[in-house]
Amino acid sequence: MQNLDDVETWLTTIRAGVMTSNWEFKLEHMQALMQKLGDPQEKFKSIHVAGTSGKTSTSYYIAEMLRLANKKVGLTVSPHVDSINERVQINGQPLTKTEFLKQLNSFVEVPVVKNASLSYFGALLALAFWVFAEKKLDYGVIEVGLGGRLDASNVIKNPNKICVITDIGLDHTKVLGGTLTKIAAEKAGIIQPGNHVFVAKQAPEIMEVFARVAYKQGAALHVLPNEKIAQTPDYLSPFQKRNWALARSVFEFVTMRDRLPHVNLEPTAKLQIPARMEEFKVNQKIIITDGSHNAQKIGALVAGLQQAYPGKKFAVMVSFVSDKDVTLSESLKELHKISDCIIATTFDAQQDAIRTPIDAQKIVDAAKQIGFKNVISESNPELAFKILQQQSEEYLLVTGSFFLLGHVRPQLKKLQ
């Protein structure tokens with residue numbers, strides 16, 4: 001493979017093969033490959049992060065804290081925001097495109113990889129495990145792709161693994177179940193015997209699931225008290241306060257267990273995480289991009305924007321994956337708290353699984369019922385972004401699916 005377009009073509013072929021075969025989402029595929037590769041996922045100390053909301057931010061925070069302690073740290077997240085090499089990061093930076101291609105080309109030439117049955121996500125995750133082991137990293141922060149129990153990342157069996165489970169909400173209900181307790185159980189499926197598990201205090205029914213699974217597995221459950229969340233920098237948004245405090249609790253435990261040096265963690269609270277309330281200034285306007293793709297995340301985003309930009313009204317450009325239609329009205333009601341203008345659009349998804357967007361007209365109809373005054377439909381996301389910039393509001397927001405941001409961020413970077 002000569003460039004990242006070649007990589008995408010290869011991964012698309014893998015995805016197409018999965019969709020047209022009897023391939024099932026189960027751990028056996030990944031377990032078999034890891035064993036044949038010598039279990040690279042066990043060659044470094046792991047922090048395994050699951051959850052509905054906040055797992056990417058929490059993963060970034062943990063990795064940055066460990067980096068400040070002078071440790072070599074790998075990070076793998078999904079979906080990627082700008083470029084596929086974000087899936088394999090070392091010490092806060094994605095592999096360069098040249099290094100990513102070098103590593104991937106070496107990886108796919110390994111005979112057991114050639115014959116492996118993997119998904120798009122699984123292939124990139126296996127590459128990350130392989131690179132982290134080959135680079136002899138101290139730690140790997142591994143973000144779960146979907147759920148936990150049957151996620152391809154759930155092949156780490158080391159009892160020293162640390163599990164982190166962020167806030168639970170109703171998302172991917174067709175796969176994970178239609179109740180908070182069912183979803184919590186799927187997320188808690190990453191807990192292995194002897195692990196230490198870190199969670200922030202949530203609804204009683206969710207906490208009961210975590211306690212039950214931890215007890216069954218002989219794992220130690222650490223519950224972050226609310227007062228620890230309150231003891232975070234004031235400039236953090238409400239949802240990032242929870243994520244940063246949870247990351248800090250994990251780091252403090254690792255510091256004690258592994259005898260790491262004590263470091264000032266406050267600079268990590270200013271870490272700009274891609275597509276999480278990320279601010280751009282373009283032509284006298286403030287443009288915020290955020291991949292909040294369900295009602296729970298949209299609500300947290302709106303609270304964060306109200307804190308950061310009190311009293312400001314936003315023109316909003318939005319699109320959602322089709323499986324979010326059940327919470328569409330709730331998401332739009334949250335956005336209506338900060339906006340009277342909404343531009344509905346679609347996207348072209350090219351990552352882990354085939355995703356289709358909600359029809360823009362359906363978003364328009366729901367927005368009109370809620371009471372948005374200015375409602376526009378433009379299915380082409382590039383044109384929709386131009387329309388967004390033409391609105392009278394000084395503050396603009398692009399949110400919803402991460403896949404929508406893939407259309408917008410390249411344009412934003414050209415405008416900087």
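The values are calculated or read from the model by the stated rules, or taken from the named source; none is laboratory data. Nothing here was measured: the structure is a model prediction, and the numbers come from that model. FYI the Cβ positions are ideal-geometry reconstructions off the backbone, even for glycines, and counts take in every protein chain you see.
List of remarks:
- Residues of region 115-131 that are in contact with a helix residue (DSSP H, G or I) (Cβ under 7 Å, 6 or more places away or on another chain) and not polar (S, T, N, Q): Ala116, Leu118, Tyr120, Gly122, Ala123, Leu124, Ala126, Leu127, Ala128, Phe129, Trp130, Val131.
- Meets criteria (surrounded by fewer than 22 Cβ atoms within 10 Å (Cβ to Cβ) and in contact with a Gly (Cβ under 8 Å, 6 or more places away or on another chain)) for Leu137: yes
- Hits in region 213-244 (condition: of a type in the set (D, E, K, R) and surrounded by 15 or more Cβ atoms within 10 Å (Cβ to Cβ)): Lys228, Lys241, Arg242
- Checked against the criteria, Leu127 does not count as farther than 20 Å from Glu330 by Cβ, assigned to a loop (DSSP other than H, G, I, E, B) and either charged (D, E, K, R) or out of contact with any strand residue (DSSP E or B) (no Cβ under 7 Å at 6 or more places or on another chain) (or both).
- In region 101-121, the residues that are assigned by TED's automatic domain parsing to the domain that holds Leu150 reach residues that are charged (D, E, K, R) and in a loop (DSSP other than H, G, I, E, B) with C-beta atoms within less than 9 angstrom, at least six apart or across chains, in these pairs: Ser119/Asp352; Tyr120/Asp352; Phe121/Asp151; Phe121/Asp352.
- Within region 285-341, being of a type in the set (Gly, Ala, Ser) and farther than 14 Å from Phe372 by Cα holds for Gly291, Ser292, Ala295, Gly299, Ala300, Ala303, Gly304, Ala308, Gly311, Ser319, Ser322.
- Output for region 60-100, where each listed residue is modelled with pLDDT of 95 or more, of a type in the set (Ser, Thr, Tyr) and either assigned to a helix (DSSP H, G or I) or surrounded by fewer than 22 Cβ atoms within 10 Å (Cβ to Cβ) (or both): Tyr60, Tyr61, Thr96, Thr98
- Selection count where residues are charged (D, E, K, R) and farther than 16 Å from Leu305 by Cβ, scope region 385-405: 1
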